[in-house]
Amino acid sequence: MAKFILIGSGLAGGLLAAYLGRRGYEVDLYERRSDPREGNLVGGRSINLALSTRGIHALEQIGTADEVLKHAIPMRGRMIHPAAAGSAPIFAPYDVDPNKHINSIGRAALNTTVIEAAQRYPNVRVHFNHKCTDVDLDSTTAHLADSSVVAGVSPASQNKIIHARADAIIGVDGAFSAVRQSMQLKIDKFEYDESYLAHGYKELTIPPGPDGSWQMEKEALHIWPRKSFMMIALPNPDGSFTCTLFWEFEGPRSFATTKTDDDVRRFFEEEFPDAVPLMPNLLDDFKNNPTGSLVTIRCAPWLYKDKVALVGDAAHAVVPFYGQGMNAAFEDCVVLDECLAQFPQDRQRAFAEYFHRRKENADALADLALQNFVEMRDKTASRAFRVKKKLDHFLEAALPGIYVPLYTMVTFTRIPYATAARRARIQDALVYAGLVVVMILLLALAVRLLP
């Protein structure tokens, strides 16, 4: 069997190693960080994960979905916290079916599960503390800096460069992929687009209550929509909530202008008054946790001959506002596995088919995620938005299988993202046209009834 090198043992890297190991391929998985099972995670950058149907399906194929879901908390809808002081939060279910929900899960628990799933196969080897510095595409050789700690050896003398060769290399190394950078230098007319939001994010925490309980509704994704910015909170099994503030980098009220403790306290008391009493570590979290950037990356092609391919954020990083980045990366693994099974003797054709099936959908998801940021921060607090959601649920119940809301298609089905987006546009056009016709008929009827 062919030998694969995977660069990056994050969520998709671990999962893909398990898929390839299951098919009998020799797999060496290299990760620049240390083993996450040893607790070496960077704090303040998690953005809790929302596991949904696509991701669950991918985990089911290697028999780990049930184990993962043991660590998850179901979120059945959005809990919207209005800006007006004293206003009660408003719950908006995700779907007409109360059993449909997304799942809040911590990155560390999921990463551990997929790595251990991969290591069940003796043909899969995982190497931590190996940073990819370059890839020779034609010889399929990865150049890696080995920073593994060896007992009794000084740190200065134990770092070394190793050269790992295989039949194919898969870049699963995130938005700033070293594998993709090597492809950009080698492939003529490689298409690459990198765009940043004017907003950054900062992770904050609502700790458990005194008795270890959740201090807000547990089974909901909490949102504080404030037009140009917002805060969200996702529940954790220990009773805490991981909060994320999405705010402009620059401007009159922004990360740039909010520096002192008084500035931070005043901003949160004005904008999130119901959250402040629940956040005793607010000032320390705000000061010490890094401010992250939000990037969308589109590129093409995702392959070089039969030698190199890209998966997950390395191919299509998206902003987190549809909760689909991880789910889409897991779906990449499913599709690549299917293509390798379909063309076992022609890896270049398998890579090309994978790219053909996924590129349009990755671009569609990138657009949907950007649109959903506007919806979450600007629209969720409005009465018109809630009326539209109720209409969606009414039509979904009245026309089962015929009318399916966009959020349902994206989150609770495996309909391709591009197909879901096109279908939603058609549905919306028909609904709005129907409402116009009804209004015209009612107006005509009113005119006829006039004396």
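The values are calculated or read from the model by the stated rules, or taken from the named source; none is laboratory data. Remember, predicted model here, so these are calculated numbers, not experimental data. FYI the Cβ positions are ideal-geometry reconstructions off the backbone, even for glycines, and counts take in every protein chain you see. Please note that ligands, DNA and RNA were not included when accessible areas were found on the heavy atoms of the full protein model with its side chains. Shrake-Rupley method; radii C 1.70, N 1.55, O 1.52, S 1.80 Å.
Which of the peptides 241-249, 180-188, 262-270 is most tightly packed, and how do the rest follow, going by the mean number of other Cβ atoms within 10 Å of each residue?
Details: 241-249: 21.2, 180-188: 16.2, 262-270: 14.3.
Per-residue Cβ counts within 10 Å, averaged per peptide and sorted highest first, yield 241-249, 180-188, 262-270.
Take every pair of alpha-carbon atoms less than 8 Å apart whose residues are at least six positions apart; their mean separation over the length of the chain yields a relative contact order of 18 percent. Surface composition of the chain: carbon plus sulfur atoms contribute 56% of the solvent-accessible area (1.4 Å probe, protein chains only, all chains present). Structural descriptor for the range 331-435: relative contact order 21 percent, calculated from alpha carbon pairs under 8 angstrom and at least 6 residues apart.
Using a 1.4 angstrom probe with every protein chain in place, what is the largest-first accessible-area order of Arg32, Arg422, Arg377, Arg448?
Details: Arg32 140, Arg422 100, Arg377 45, Arg448 205 Å².
In descending accessible area the options line up as Arg448, Arg32, Arg422, Arg377.
For a straight C-alpha distance cut-off of 16 angstrom, the lysines reachable from Lys186 (same-chain residues fewer than eight places away being disregarded) are Lys305, Lys307. Surface exposure of the range 278-408, expressed per residue as accessible area with a 1.4 Å probe, stands at 40 Å². A straight line joining the Cα centroids of the range 375-407 and the range 275-302 runs 29 Å.
If you count the DSSP beta bridges with both ends in the chain, what percent of them are antiparallel, to the nearest 5?
Numbers: 51 of 70 bridges.
In the chain, DSSP labels about 75 percent of beta bridges as antiparallel.
Taken per residue, the accessible surface of the range 60-139 reaches 46 Å², heavy atoms only and a 1.4 Å probe. Can you spot the lysines whose alpha carbon is less than 24 Å from Lys160's alpha carbon? Ignore those fewer than 8 places along the same chain. Filter leaves Lys3, Lys131. For the range 183-334, the Stokes-Einstein estimate of translational diffusion at 10 °C and a viscosity of 1.306 mPa s comes to 89 µm²/s, using the Kirkwood hydrodynamic radius over alpha-carbon pairs. The value of relative contact order for the range 14-107, using C-alpha pairs under 8 Å at least six residues apart, is 29 percent. Could you state the angle between the C-alpha long axis of helix 107-118 and the longest principal axis of the C-alpha atoms of the chain, as a value from 0 to 90 degrees rounded to the nearest 10? Roughly 40 degrees between the two axes.
With a simple spin-label model that places each label point 7 Å from the Cα along the Cα-to-Cβ direction, the separation between Ile90 and Ala398 comes to 2.2 nm. When the scattering of the chain is computed by the Debye formula from its Cα atoms alone, each counted once and equally, what is log10 I(q)/I(0) at q = 0.08, 0.11, 0.13 Å⁻¹? Taking Cα atoms of the chain as identical point scatterers yields -0.51, -0.93, -1.24. Comparing the range 285-372 with the 2.2 N^0.38 Å rule of thumb, its C-alpha radius of gyration ratio is 1.26 (two decimals).
Angle check, please: helix 383-398 long axis (alpha carbons) against the longest principal axis of the chain (alpha carbons), in degrees 0 to 90, nearest 10. It works out to around 80 degrees. Evaluated over the Cα positions of the range 334-414, the convex hull gives a direction-averaged projected area, one quarter of its surface, of 6.8 nm². Per-residue SASA remark: Val436, around 80 Å² accessible (1.4 Å probe; ligands, DNA and RNA not included).
Based on protein heavy atoms only, the range 412-451 ends up with 76 Å² per residue of surface accessible to a 1.4 Å probe.
Return an integer: the convex hull volume of the alpha-carbon atoms of the range 374-423, in Å³ per residue.
Details: hull volume 4.1 nm³, N = 50.
It is 83 Å³ per residue.
With a simple spin-label model that places each label point 7 Å from the Cα along the Cα-to-Cβ direction, the separation between Asn288 and Leu391 comes to 4.9 nm.
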